[in-house]
1. State all residues of segment 354-391 that are among the aliphatic types (A, V, I, L, M), open to solvent by less than 40 Å² (accessible area, probe 1.4 Å) and in contact (Cβ under 8 Å) with a residue 24 or more places away in the chain; if no residue qualifies, say none.
2. Which condition breaks for residue 316 when tested against (1) out of contact with any Pro (no Cβ under 7 Å at 6 or more places or on another chain); (2) open to solvent by less than 50 Å² (accessible area, probe 1.4 Å); (3) part of a loop (DSSP other than H, G, I, E, B); (4) farther than 30 Å from residue 520 by Cα?
3. Would you check if there is a residue in segment 433-442 being assigned by the TED database to the domain that holds residue 338 and under 27 Å from the mean Cα position of the chain (by Cα)?
4. What's the total number of residues in segment 203-221 that are outside any strand (DSSP E or B) and surrounded by 14 or more Cβ atoms within 10 Å (Cβ to Cβ)?
5. Would you point out the residue of segment 324-346, among those that are surrounded by fewer than 19 Cβ atoms within 10 Å (Cβ to Cβ) and among the charged types (D, E, K, R), that is nearest to the chain's Cα centre (by Cα)?
6. Six or more apart or on different chains, Cβ atoms under 9 Å: show the pairs whose first residue is in segment 217-241 and in the same structural domain as residue 309 (by the TED database) and whose second is open to solvent by 50 Å² or more (accessible area, probe 1.4 Å) and of a type in the set (Asp, Glu).
7. I want to confirm something. Restricting to segment 60-85 and keeping residues that are of a type in the set (Gly, Ala, Ser) and out of contact with any strand residue (DSSP E or B) (no Cβ under 7 Å at 6 or more places or on another chain), which single residue is surrounded by the fewest Cβ atoms within 10 Å (Cβ to Cβ)?
8. Among the numbered criteria (1) open to solvent by 30 Å² or more (accessible area, probe 1.4 Å); (2) within 30 Å of residue 352 (Cβ to Cβ); (3) touching a Cys at 6+ places or on another chain (Cβ under 9 Å), which single criterion is violated by residue 429?
Amino acid sequence: MDWRILIIGFSIILAIMVDVRTTANSNDTWDEKIREKKARLVKKLKKDLRKLKKQEGAVKLVGGENGGHEGNVEILHDGKWGSVCDDEWDYLEANVVCRQLGFDGAIKPTANGHFGQARSEIFPIRFNRYFSKEIKKRRYWMDNVYCDGSEDELSKCRFDGWGASDCEGGEAAGVICDQQQQEAEDGVRERSKAGRKPEKRRIKDIHQQGVAIRLAGGRVHSEGRVEVKLGHSDWGVICGDGWSLFEAAVVCRQLGLGYASDAVQTNFFGGEKTPMAISGVQCRGNESSLTDCLHDKLLDCPGPVENVGSVVCLRDMPDLVFDHIELMRTAHLEDRQLYWLQCAMEENCVASQAYKIQKESENWHLETRRLLRFTARILNAGTADFRPSVPKHLWEWHMCHMHYHSMEVFATFDVLDLNGTRLAEGHKASFCLEDNQCLPGVEARYKCANYGDQGISVNCSDIYRHNIDCQWVDISELRPGEYIFKVGVNPELKVGEMSFDNNAAICRLLYTESFATVHSCVMGRP
């Protein structure tokens, strides 16, 4: 039973009762019966709505501390709640979730366990009749979710399949929904206001008596939980809420330990019994000291007690550089029938409109899509090989390219208007990482063929040429004009690098009905 039908039916019944009340003889007994009947109907409606919340595909938000409009997203499947992975997660998916929950839309999608790690569940493992063990396991129901924005439920979006995920605890997707809307509660409509975000200030502006920093609990001196000492207070840990490689990079730099290889929100290095010192730390990544970063003026740490900011630092790291010259040289248009894009459609390489055409038209395969093709050439200019974050046994076989992809989202292709608003549905490309071209004297080590090891060696480039399937952006619904075209690699920061400032090319795109040219590229962050 659809909740909309319930509400419409309830409104009709109320209207009938009001009409009866105005035409009938107004005596106390009749009024009392109407009130009792109305109360029973309201009670039944609330009961039906509670049942709907427990139906397949229902969603809820957990971990938010400023109200029910924010939190990590959980979805109900097979009678059990599970998390949603933040791979592919953006405003389109966040808007679907917020509308499903009755809000007007999303203010912001969140990632990297912004409201705490994905909740774990205890699973009993029995080895024999005498010995058993309980383990904690994260349940991710959805991964690589693609919504076109028109869906009324998250479960109607495309995704990899129930329970098919390789995500870890710190990759929970979340939302902050727009609360500026009319809400009905106990028959009274009230205007609710969006909760304010905690005010942020620079650490050194608040704690002027000095701030000390150290790592503790690590197996070696270059890893561990981050502890800070504010003035004369005791050592305390940092809340892992929003903790990323940018904050970790500043910590490693300040301590003279090199670069950030990993930023984790975990109690693996201990610290759950140590008092929380600061929360909401936010750095650009190029600061020389953590005290130059922002933090919550008032301590506010959502999520469980094991939500502790920790780092792993290394001296040698990769550093990917995207070749914007090759992008400008090779960009061109191609019109191609959907018949020739069927394999690419299975890998979500075309815009959502193509999938609608496929459902609605018998001759969908004759429809033409306009593709902006280009070559992506990525050089590793660092001091260590770039290796995928996913272990080899979790790599995915891709029919279009006939090899395994070791990173689900290695690159993003987006078309934006001149104000920075995304227009064409950007394509999120998974790559097979290999050494296609190396500098003189450097031997290629990584190959995709025959389930080989994947990566990009130092001073070698991985090249995805413009004639390969999915090496494009579907701009069929885009009107001719001038736009911004952005291509970024390692956009989710799943692998640490020396710097992320050269991972993206931000260019101007001139698009007419007959041709397109990409020009005036500058380097930036993905």
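1. Narrowing segment 354-391 to residues among the aliphatic types (A, V, I, L, M): 354, 357, 366, 371-372, 376, 378-379, 381, 384, 390.
The next check asks that each one be open to solvent by less than 40 Å² (accessible area, probe 1.4 Å); those that pass are 354, 357, 371-372, 376, 378, 384, 390.
Selection gives 354, 371, 372, 376, 378, 384, 390.
2. (2)
3. First, pick out the residues of segment 433-442 that are assigned by the TED database to the domain that holds residue 338: 433-442.
Okay, now just the ones that are also under 27 Å from the mean Cα position of the chain (by Cα), so 433-434.
Looking for residues that are assigned by the TED database to the domain that holds residue 338 and under 27 Å from the mean Cα position of the chain (by Cα), one finds at least one in segment 433-442, hence yes.
4. Taking segment 203-221 as the starting set, the residues that turn out to be outside any strand (DSSP E or B) are 203-210, 217-221.
From the residues that got through so far, the ones that are surrounded by 14 or more Cβ atoms within 10 Å (Cβ to Cβ) too are 203-204, 206-207, 217-218.
Number of matching residues: 6.
5. 346
6. Within 9 Å, the pairs are 223/262; 237/272.
7. Here is the first cut: in segment 60-85, the residues of a type in the set (Gly, Ala, Ser) are 63-64, 67-68, 71, 79, 82-83.
Within this subset, residues satisfying the condition of being out of contact with any strand residue (DSSP E or B) (no Cβ under 7 Å at 6 or more places or on another chain) are 67, 79.
Numbers: 67: 15, 79: 7.
Among those residues, the one meeting the criterion is 79.
8. (1)
The values are calculated or read from the model by the stated rules, or taken from the named source; none is laboratory data. It should be emphasised that the depicted structure is a prediction, and the values quoted were computed from it without experimental measurement. Note that each Cβ is placed from the backbone with ideal geometry, even for glycine, and that neighbours are counted across all protein chains shown. Heads up: the accessible areas ignore ligands, DNA and RNA and are worked out on the full protein's heavy atoms, side chains in. Shrake-Rupley method; radii C 1.70, N 1.55, O 1.52, S 1.80 Å.
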